[in-house]
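Read the structure below first, then the notes.
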Amino acid sequence: TTEPRKVKAPLPDWFQSYLRFHRDSIEDGRIKDGVPFLVYQCYGGCAGLGGRIKAMIKSFYAAVCSKRVFLIDSPFPFPLDEYFTPNMIQWNASFPNNTIQVPIFVRMGAEKNNLTVPQHDQVGVRISKAHGKNILDLNQVLGTQVCSAYSRQKVDKLRGNEQQLYHWGSRVLFHFSDQVKARADELKHNATLSPLAPYVGLHLRTGAGDTWKEEAGRLRKAKQDGHDPFVQCFRLFRDIHGFSQAYVAADNNEPKDSLHQIDPRMLKIAKVETFHIDKSLSKNTTAGMADFRGTWENNHGRASMVTARSGTLDLFAELKMLVDAECLIMSKSSLSYAAHFMAP
């Protein structure tokens, strides 16, 4: 689309009852005894950042539907609350360890539509797989018996507008942390973005992504004739809406450089070393947090762990850059989509 992003609708009134329930269920940073809860857990193999954001929001709606307090336990590869802080609910409250893991989003049976959340006799449940193949999407989650039993009227109003649902979920759950906001400000300065003019966010998904196939050939073509489709799309935004600058985000500096060379006055970049979990770790290091840290230090050295941490910060900061943009040019990427629905 060539339309600037519109202001999203406010939170519906029925959210308020869940927010009160959540607030009343936590005392001194810990969930009260006997209160049913659902934990999204990430200790490794949890998809990339965009996929994890979508998974956390889906898990949040499952908790709402099943009348459980929603919590997040995500220390992989570094604690989530270094990058996101709680907004309207305290999802980082502590909880008892006696939880059971349930595959509540897995498509099963002829209908391939399963959402099994134990009733209140099992106080704590946790989810570690909520994004990827054979996993329900958000509209399918809302169409399950668990959510229909919660309130058919409310669910019927929600289903179909997935973007709005993800936007509400991200508003309830997340603030960018101070260090992410500070790093994003540094990137804006390093990219020489004018603070007086809005900018377009342009996200490139590199590597095996559907939008950057045969990367080397596309880079050569972009350098030769400037006909890259991302550039063409930006120029369309520029001609229709008068935008004079764009920030190019990617998990690889090479395509950033390529687009910047096509139009250095308008296509702005900041050099970063983003740490993309799915691409940065070999398959035998995704079994868990302890295995990740031990294997990473053995293979790359302790100093490289510092690089991984700073690269994770850069990943969140570039997401913040995309969220702050007036318009987005999106790849076929969960991170692009997350930037879109997280916008104010």
Test: residue in the range 320-328 that is within 19 Å of LYS54 (Cα to Cα) and of a type in the set (Gly, Ala, Ser): no
Identify, by number, the condition in (1) within 16 Å of ILE127 (Cβ to Cβ); (2) assigned to a loop (DSSP other than H, G, I, E, B); (3) open to solvent by 10 Å² or more (accessible area, probe 1.4 Å) that ARG52 doesn't meet. (2)
Quick one: in the range 1-48, which of the residues that are closer than 19 Å to LEU165 by Cβ, modelled with pLDDT of 80 or more and not hydrophobic (A, V, I, L, M, F, W, C) is nearest to the chain's Cα centre (by Cα)? TYR40
The one condition in (1) within 15 Å of GLY169 (Cβ to Cβ); (2) modelled with pLDDT under 85 that PRO77 fails to fulfil: (1)
Does SER194 meet the test of being at pLDDT 60 or above, hydroxyl-bearing (Ser, Thr, Tyr) and more than 18 Å from LYS54 (Cβ to Cβ)? yes
Considering only residues of the range 130-149 that are closer than 17 Å to SER66 by Cβ and open to solvent by 50 Å² or more (accessible area, probe 1.4 Å), which is modelled with the highest pLDDT? GLN140
Inspect all residues belonging to the range 153-175 and state whether any of them is aliphatic (A, V, I, L, M) and either open to solvent by 40 Å² or more (accessible area, probe 1.4 Å) or modelled with pLDDT under 85 (or both). yes
Matching residues in the range 222-255 - criterion: being open to solvent by less than 60 Å² (accessible area, probe 1.4 Å), modelled with pLDDT of 80 or more and part of a helix (DSSP H, G or I): PHE230, VAL231, CYS233, PHE234, PHE237, ASN253, PRO255
Out of ALA216, ALA290, ALA208, I need the residue that is at pLDDT below 55, open to solvent by 20 Å² or more (accessible area, probe 1.4 Å), in contact with a Phe, Trp or Tyr (Cβ under 9 Å, 6 or more places away or on another chain) and within 30 Å of PRO77 (Cβ to Cβ). Which one? ALA290
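The values are calculated or read from the model by the stated rules, or taken from the named source; none is laboratory data. As the structure is a computational prediction, the values presented were derived from the model and not from experiment. Please note: Cβ atoms are built from the backbone with ideal geometry, for glycine as well, and neighbour counts cover all protein chains shown. The area values use the complete protein model at the heavy-atom level, side chains included, leaving out ligands, DNA and RNA. Shrake-Rupley method; radii C 1.70, N 1.55, O 1.52, S 1.80 Å.
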